[in-house]
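A quick write-up on the structure given underneath.
The values are calculated or read from the model by the stated rules, or taken from the named source; none is laboratory data. All values reported here derive from a predicted model rather than from experimental measurement. For accessibility, only protein heavy atoms count, side chains too; no ligands or nucleic acids. Shrake-Rupley method; radii C 1.70, N 1.55, O 1.52, S 1.80 Å.
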Amino acid sequence: MKTLLTALAFGAVCISTAFADWPINDKCPVDGKAARPIYRIKTKEGPVAFCCMDCLDKFEKSPASYKVTKKEYQK
């Protein structure tokens with residue numbers, strides 16, 4: 001029983017950690033293509049995702065030049 005509870009607790013921690021840094025956007029702010037969560041950086045508003053590493057680099061050099069459109073959550 002202890003083993004099962006330990007495994008469940010560990011799984012819950014892993015899942016909550018994975019979604020804690022989920023990007024706030026669906027589209028790349030640089031290119032407008034679909035954003036991929038693997039390419040992301042942290043900002044004041046939250047993690048921002050990009051379509052590729054080139055766009056991430058461009059954003060890091062001049063973040064004020066690009067507008068990040070946040071996802072709209074349905075209630």
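Shape of segment 31-71 from its Cα gyration tensor (a ≥ b ≥ c, root eigenvalues): rounded if a/c is under 1.5, otherwise prolate when a/b > b/c, or oblate?
Taking the square roots of the gyration eigenvalues as a ≥ b ≥ c, segment 31-71 is rounded.
Any chance you could look up the accessible area of Glu60 with a 1.4 Å probe, heavy atoms only, rounded to 10 Å²?
110 Å²
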